[in-house]
1. Counting only helical runs of four or more DSSP H residues, what would the 222 nm mean residue ellipticity of the chain come to if each run contributes -39,500 (n - 2.57) and the total is spread over all its residues?
2. Can you list which of the GluC sites (Glu not before Pro) found in segment 190-252 are DSSP loop residues with at most 10 other C-beta atoms within 10 Å?
3. Based on the Cβ-Cβ distance from Glu189 to Ser92, what FRET efficiency comes out when R0 is 51 Å, to the nearest 0.05?
4. So for the pair Ala211, His244, with labels modelled 7 Å out along Cα→Cβ, what separation do we get in nm?
5. So with the 1.4 Å probe, I'd like the accessible area per residue for segment 45-199, rounded to whole Å².
6. P(r) for segment 198-247: what percent of alpha-carbon pairs falls in each 10 Å bin, starting at zero?
7. Nothing charged except the Cβ atoms of Lys and Arg (+1) and of Asp and Glu (-1): what's the magnitude of the dipole of segment 83-185 about its Cα centre? Round to the nearest 20 debye.
8. Kirkwood Rh, segment 175-272, all Cα pairs: how many Å?
Amino acid sequence: MPTIATSVDEAIASIPDGAMLVVPRESSGVPMEATRALIRRGVKRLHLVALPTSSLQAELLVGAGCVETLETSAVSLGEFGPAPRFTAAILSGAIRMKDATCPALHAAFQAAEKGVPFMPLRGVLGTDVLKHRPDWKVIDNPFSNADPIVLLPAIRPDVALFHAPIADRDGNVWIGRQRELVTMAHAAERTVVTVERLHDGNLLDDPTLAAGCIPGFYIETVAVVPRGAWPLPLPEHYGWDAEHLAEYAKLAATEQGFKQYLDQYVYEKQVA
């Protein structure tokens, strides 16, 4: 039976230093309050996998020194410009970057989801990305001649972490149309979820909600964290906080400004 945590700090307590942690793309329910809690706790040496892209979440974790390895296809603040702390970390060699493509990441997670050691993919043949991924193997198609194919090793994270609209006390989590969250939960050894609210009753008993649910046996811990994706959006519940993201982009352009941002928006809760 999944645990209903009493706080976000309790929920993320099971995420150790050095964990491979998978998180979703910037518009699929990013657990931003859980991310701030990890930074406050001082988590270190994460192998962070963003499926398949990230924005403020990876930027904050990298800038705060929580990440050793980052595996994703892009990190950007979108219309607010490049991700400055991520860019600085790449230029200084502060983190190890495992560059990927969106289809490659999805395929690697689908391999773990299906319990197979690898997944074939064709689209990265001939790309520079392939040159920098020695763990991706090119073989001849065993069912044809002169037909190369790339094999991607399965990605099996220690923990999947995301934010969703609703869960019930049995740990069933409603994620709606954000189906990549299902793949994450299937692939990971454990799944920690923050939600906007708890649902009275069992979500799987409701025919209008059951199809959009991840069953509780895939979930380890749930914590109620209203507006837990802020300042990023939670689809069909609230949107981007553009003013806040613009403020972040301006502050994080310098290391001192980034520290000021952390003091104001991350560490102030610890003091409170």
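The values are calculated or read from the model by the stated rules, or taken from the named source; none is laboratory data. On a predicted model such as this, the values are computed, not experimentally measured, just so you know. Don't worry about glycine lacking a Cβ; one is built from the backbone with ideal geometry, like all the others, and counts go over all protein chains shown. The accessibility values were calculated without ligands, DNA or RNA, using every heavy atom of the protein model including side chains. Shrake-Rupley method; radii C 1.70, N 1.55, O 1.52, S 1.80 Å.
1. -8000 deg cm²/dmol
2. In loop regions of segment 190-252 (DSSP not H, G, I, E or B), the sparsely surrounded GluC sites (Glu not before Pro) are Glu236.
3. Given R0 = 51 Å and the Cβ-Cβ separation, E is 0.95.
4. 3.3
5. 42
6. Binned Cα distances yield the sequence 20, 37, 30, 12, 1.
7. 200
8. Mean inverse Cα-Cα distance, inverted, gives 16.1 Å.
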